[in-house]
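Working notes, beginning with the structure itself.
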Amino acid sequence: MLLQGKEAVNERAEILEKIGTIPPLPTASTEVIRLIHDPDVPNATLARTIEYDPSLTANVLRLANCAYFGFPRAVSTIREALLRLGTNKIFQLVVAATIGKMANLPVRGYDLSSGNLWDHLIGTAIASTKLAEAARIEAPDHTFTAALTHDVGKIVLGTFVEVNAPAIVGLALQERISFEQAEEKVLGIDHAEVGALLMERWNLPDYLVEVVRWHHQPQLSSDDPVAVNLVHVADVACMMAGVGAGIDALGYRPSNHAMSQLGLTISVLDAVIYEILNELLEVRKLLRLN
């Protein structure tokens, strides 16, 4: 681990303490996530659990009836919505609704205005899908959800800790290292590790934690290389496009390892960036939840 002496050790300890003060996921969201990942739970039980939460119910029905998906007939019950969308889409919705409330706030430490981080997360989710299509590979079902959560660590560092990001950027430029390496030198931890620790605290599935933890170091992921590679390149693509970019935007570049593993070239990446910008507006409307 790269540390700047005792100060970085102290910073790390303070950040770990702050993670422990962040509220857990809402009870309804936690229960829905638990039920989704239990193969023995029938849809009727999952539907009843969603119906106990008015906000979640409204969002599920809105998603099920969204014109974006082009369904010919409106549905009016959660059971119908579950049949239409499937549990993976419901899982995406629950996570998006929870993360969206936090990501829509200003993230001061990273110079992100209200909604900037949320736009970046949505853009990364779109890009991960587009990159899989361009590479002609099948993305794991959880890739979109992982992309929606990959930068949750920035919320902790930029809001609850309010890190001195200009100092980190300055170090990255001075030593010609990546932003997350500079984070680790200054803080004793980077936002990817912070995000993974928060996801663990929230009892989210290990496969999401894995992507969040290694989205800047995809070569270190052994459990889920395809999803991690896709989210890594999608994240960098959005930074290059300026989608929800903050003070750290110039401090990232795509990993040669990830690009090679996915069979992607810079020209393909440029084409995907164009597609991201075209689709972002529609998906932003879809996922900006109550």
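We did not get these values from a lab; they are worked out from the coordinates using the rules stated. Since we're looking at a predicted model, the values are computed, not measured. Neighbour counts are summed over all protein chains in view; Cβ atoms, including those assigned to glycine, are modelled from backbone coordinates with ideal geometry.
Multiply the residue gap between Leu16 and Phe160 by 0.36 nm, knock off their C-alpha separation, and tell me the result in nm, one decimal place.
Full-extension gain reported as 50.7 nm.
Summing +1 for each Lys or Arg and -1 for each Asp or Glu, what net charge is found among the other residues whose Cβ lies under 13 Å from the Cβ of Val60?
With Lys, Arg at +1 and Asp, Glu at -1, the neighbours total +2.
Can you sort Leu208, Leu280, Leu117 so the residue with the fewest Cβ neighbours within 10 Å comes first?
Going from sparsest to densest Cβ surroundings: Leu280, Leu208, Leu117.
Amide H neighbours of Leu112 under 5 Å, counting only residues 5+ apart in sequence or on other chains, H built in-plane at 1.01 Å?
Long-range HN contacts for Leu112: Val107.
Let me check I have the definition right: for segment 102-214, take the eigenvalues of the Cα gyration tensor, multiply each by 5, take square roots. What are those semi-axes in whole Å, largest first?
24, 16, 15
Which entry in [x] 162; [y] 123; [z] 225 matches volume of the Cα convex hull per residue in Å³ derived from the coordinates of this structure?
[y]
State, as an integer percentage, the relative contact order of segment 92-241 based on alpha-carbon contacts under 8 Å between residues 6 or more apart.
This gives 26 percent for segment 92-241.
Taking 0.36 nm per residue of separation and subtracting the Cα-Cα distance, what length does fully extending Ala271 through Thr30 add?
Extending this stretch completely gives an extra 83.0 nm.
Please find the FRET efficiency linking Glu51 to Leu281, where r is the Cβ-Cβ separation and R0 is fixed at 45 Å, and quote it to the nearest 0.05.
Taking R0 as 45 Å, the efficiency between Glu51 and Leu281 is 0.90.
Write out the GluC sites (Glu not before Pro) in segment 147-254 meeting two conditions: DSSP loop, and at most 14 other Cβ atoms within 10 Å of their Cβ.
Hits after loop and neighbour filter: Glu162.
For segment 68-128, what's the relative contact order in percent, using C-alpha pairs closer than 8 Å and at least 6 residues apart?
17
For n ≥ 4 DSSP H runs only, could you compute -39500 (n - 2.57) per run for the chain, divide by its residues and tell me the 222 nm figure to the nearest 500?
Estimated from H runs of four or more residues: -19500 deg cm²/dmol.
What is the distance in Å between the Cα centres of segment 133-176 and segment 35-84?
30
Using the structure shown, list the pairs from Lys130/Lys185; Lys101/Lys185; Lys18/Lys89; Lys101/Lys154 with a Cα-Cα distance above 24 Å, or answer none.
Violating the 24 Å limit, Cα to Cα: Lys130/Lys185; Lys101/Lys185; Lys18/Lys89.
With 10 angstrom as the radius, rank Thr124, Thr27 by how many other C-beta atoms surround their C-beta, starting from the fewest.
Thr27, Thr124
Taking other Cβ within 10 Å of each residue's Cβ, how do Lys101, Lys185 sort, fewest first?
Ordered from fewest to most neighbouring Cβ atoms within 10 Å, Lys101, Lys185 come out as Lys101, Lys185.
Using the Kyte-Doolittle scale, which helices in the chain average at least 0.0 and also have C-alpha atoms spread 27 Å or more along the helix axis, with helices defined as whole DSSP H runs?
Correct list, ordered by number: 116-135, 266-287.
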